[in-house]
Amino acid sequence: MGAKAKLQQEIRQLAQQKNAIIFAHNYQPPEIQEVADYIGDSFGLCQKAQQIETKVILFCGVRFMAETAAILNPDKRVLMPEPSARCPMAAQLPAKLIQEAKTKHPGLPVILYINTTVEAKAEADVICTSSNLCTILDRLKQDRVLFGPDGNMAEYARHICGYDVVPIPDHGFCHVHVTFSFDPQIMELQREYPKAKLLVHPECDWDLQSRADLIGSTGQMLEYARKSSASTFIIATEVDLTSRLQRELPQKTFIPALKYAICKAMKKITLEKVKTSLLHDQFHITVPESIAKRAKTAIQRMINLTTSTETNSA
Ligand code: SF4
């Protein structure tokens, strides 16, 4: 047995001993995905976090994801192998900017992308993910909303969902997904594979979104590829989604649109750190109760609006 397989086996044994479930986001490195109990996009992980029975959730992803799991599960112990793994986009929207936007645009509901700090979430009426933004907007029944922090998702909300969106901040972005906009390699790939379907994440710029066969979350990309009769797909999102797609659908071909579209924050999680985390019961992710209570209302509202028929206004 190789060193990697041995480490993975030790992690699985430790998870069982500690009554822990391992969550991994789709952007985690393949060796982490392989050891996880559940792999998903942000919304899938949120839903799963409400259904588990183990005492411990070990979260392999970035900090806002672990905090969301902690908010939804105050009676569970949520651990992160590397607590400094933070989404840089979340830092672009401090709570103060939202408060200022509310003052400037009184009465507009605040929809925030899940890639935000807990302090920002506490200012929101409802949270959304890349998989449910249009559903949330449709069910809120408000023509105009405040939305942040991702400017390209704001474009998606305008063009695809059909709503008037006031962005906060003016130009929020994911540094990984904006790299797709200026690389001619995608067009070269389309020439090389003319029958390939182009799947694009809504954090990419609108010009690229408008050329996609599917604009969607990582979970929606997996579903699309599973059901599609096409055999080749060009994937415009963080590179490690491609490894999951290829592992789960080996009869199809997945080509990363850009091989260097790597989220360094996601790659801070390693097998060694996962083992240490389980072994030493670290690092415990907690959210102060007063903030958690307000943030939970907005997160729970997203879950209700997405999975049920709640339609009341913000
Ligand atoms: S890919 Fe972008 S939005 Fe996602 S965690 Fe990394 S920096 Fe944040």
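Each value in this text was obtained by applying a stated rule to the coordinates, not by laboratory testing. Computed from a prediction, not measured in an experiment: that's the story for all the values here. Positions of Cβ are backbone-derived with ideal geometry, glycine not excepted, and every protein chain shown enters the neighbour counts.
In a Gaussian network model over the chain where Cα atoms closer than 10 Å are linked, find which of Ser277, Ser42, Ser181 has the largest mean-square fluctuation.
Ser181
How large is ³J(HN,Hα) for each residue in region 229-240, as worked out from phi by the Karplus curve 6.51 cos²θ - 1.76 cosθ + 1.60 (θ = phi - 60°), to whole Hz, x for Gly and Pro?
So the Karplus estimates, Gly and Pro as x, are 7, 5, 10, 10, 9, 9, 10, 9, 7, 3, 4, 7 Hz.
Taking 0.36 nm per residue of separation and subtracting the Cα-Cα distance, what length does fully extending Lys195 through His175 add?
4.3 nm
With θ set to phi - 60° and the Karplus curve 6.51 cos²θ - 1.76 cosθ + 1.60, what are the ³J(HN,Hα) couplings of region 290-306 in order, to the nearest whole Hz, using x for Gly and Pro?
5, 6, 4, 4, 6, 5, 5, 4, 6, 5, 5, 4, 4, 5, 5, 5, 7
Just to confirm my numbers, what's the Cα centroid distance between region 14-89 and region 119-183 in Å?
One Cα centre to the other: 24 Å.
Pull up the DSSP beta bridges for the chain and report the antiparallel fraction as a percent, rounded to 5.
5 percent
Strictly greater than 17 Å: what percent of every Cα pair in region 177-256 meets that?
In whole percent, the share of Cα-Cα pairs in region 177-256 beyond 17 Å is 37.
Tell me which of Ala261, Leu93, Gln282 sits at the most positive position along the dipole axis of the chain, charges placed on C-beta atoms (Lys, Arg +1; Asp, Glu -1).
Looking along the dipole axis, the top candidate is Gln282.
Counting Lys and Arg as +1 and Asp and Glu as -1, each charge on the Cβ, what is the dipole of region 126-209 about the Cα centre in debye, to the nearest 20?
360 debye
Just to be sure I follow: if Rg is taken over the C-alpha atoms of region 143-283 and Rh is the Kirkwood radius over the same atoms, what is Rg/Rh?
Values: Rg = 17.0 Å, Rh = 16.5 Å.
Computed over Cα atoms, the ratio is 1.03.
Taking amide H atoms as placed 1.01 Å from N in the peptide plane, list the residues 5 or more away in sequence, or in a different chain, whose amide H sits under 5 Å from that of Arg86.
Arg63
Which whole-Hz ³J(HN,Hα) couplings does region 156-164 yield from phi under the Karplus relation 6.51 cos²θ - 1.76 cosθ + 1.60, θ = phi - 60°, glycine and proline marked x?
4, 4, 6, 7, 8, 7, x, 10, 8
So what is the diffusion coefficient of region 115-198 in µm² per second by Stokes-Einstein at 20 °C and 1.002 mPa s, using a Kirkwood Rh over Cα pairs?
The calculation lands on 146 µm²/s.
Which value results when the Cα radius of gyration for the chain is divided by 2.2 N^0.38 Å?
After normalising by residue count via 2.2 N^0.38 Å, the value is 0.98.
Per the chain: cysteines with no other Cys C-beta under 4.7 angstrom?
Cys46, Cys60, Cys87, Cys128, Cys174, Cys204, Cys263
So what is the diffusion coefficient of region 1-145 in µm² per second by Stokes-Einstein at 25 °C and 0.890 mPa s, using a Kirkwood Rh over Cα pairs? Numbers along the way, then the final one.
Working: Rh = 16.7 Å.
Approximately 147 µm²/s, per Stokes-Einstein.
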